[in-house]
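The values are calculated or read from the model by the stated rules, or taken from the named source; none is laboratory data. Just so you know, these numbers come straight off a predicted model, no measurement behind them. Here the Cβ positions follow ideal geometry from the backbone for every residue, glycine too, while neighbour counts run over all protein chains shown.
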């Protein structure tokens, strides 16, 4: 029973009123907090467009939020059953006593973008540069970039000039020549690539340099341990629905065309780049491999972020990843 339904029930009981029974389908509802232009929204729209929600027996309700921070607040406050976020945030919250868990959604990762030829930059190429950084000083990509640079003897905190701002503003400033480079989320990196900017440092390469064996999970479905324990079958059907929606977006031109307006990209070439990176970000590895690589990256981040990032944790909490019963991998 939702908080609103519970309050109505208590109020009605106090007044001596009878309430109708909740519909049978209520048990299969999911409250999702999403960003209207994000990939989670693309996939949910595709699920509805092709009747995958009815096939799965899932009735989801979406609350569209302006920022990822608003989604986190909704999750912590109990106003959403699930959000999309990164495992590093979940690790921090678990360190604070929150019973959140994470299930893989995408490995899509951004890049350091700059004007000029698509040559691979070394850490030394960032020295003295004014670098835009999306996501703030504790963003996982920025911390990984610092760890990668330290392995090459470069301290980006002192050797470069980081500028923290929202991704759209950074893209605009880079285009205007006010930044030498910008570490952008993957969707904005794709947009910049469509405008002629180059991926001078691909964060997927950084992950491998830091010890990952393959594409590392970046975003995932986040919910509470209690919710996961009580709704195993519902979650199984939901994840299967989302996997089908992903494949439609990746492989079915009609399905992609139907959600293309949600990307706010009109240029066909840029749309193709966006779709390419989306397709590459669909998880395909066994969950055990995803967990092992996340643990390796976490160790690298601990060395850079310290207690401000992870508290007292030195290793990734093994209970962070949600493990569906009987799951050993992905197809």
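Before we move on, is residue 145 at pLDDT 95 or above, closer than 22 Å to residue 304 by Cβ and in a helix (DSSP H, G or I)?
On the way: at pLDDT 95 or above: yes; closer than 22 Å to residue 304 by Cβ: yes; in a helix (DSSP H, G or I): yes.
Spelling it out, residue 145 is indeed at pLDDT 95 or above, closer than 22 Å to residue 304 by Cβ and in a helix (DSSP H, G or I).
Considering the conditions (1) within 19 Å of residue 135 (Cβ to Cβ); (2) modelled with pLDDT under 95, residue 40 is excluded by exactly one of them, (2).
Screening residue 149 against (1) surrounded by 23 or more Cβ atoms within 10 Å (Cβ to Cβ); (2) within 23 Å of residue 69 (Cβ to Cβ); (3) free of Cβ contacts under 8 Å to residues at least 40 places away in the same chain leaves a single unmet condition, (2).
At least 1 residues that are surrounded by 19 or more Cβ atoms within 10 Å (Cβ to Cβ) and without any contact (Cβ under 8 Å) to a residue 40 or more places away in the chain in each: list the strands (runs of 3 or more DSSP E) lying fully within the stretch 45-138 that qualify. Reasoning before the result, please.
Details: elements: 59-65, 83-86, 100-106, 111-114, 130-134.
Where strands (runs of 3 or more DSSP E) fall fully within the stretch 45-138 and carry at least 1 residues being surrounded by 19 or more Cβ atoms within 10 Å (Cβ to Cβ) and without any contact (Cβ under 8 Å) to a residue 40 or more places away in the chain, they are 59-65.
So, residue 269, is that one under 19 Å from the mean Cα position of the chain (by Cα) and surrounded by fewer than 16 Cβ atoms within 10 Å (Cβ to Cβ) or not? So residue 269 does not fit the description; no.
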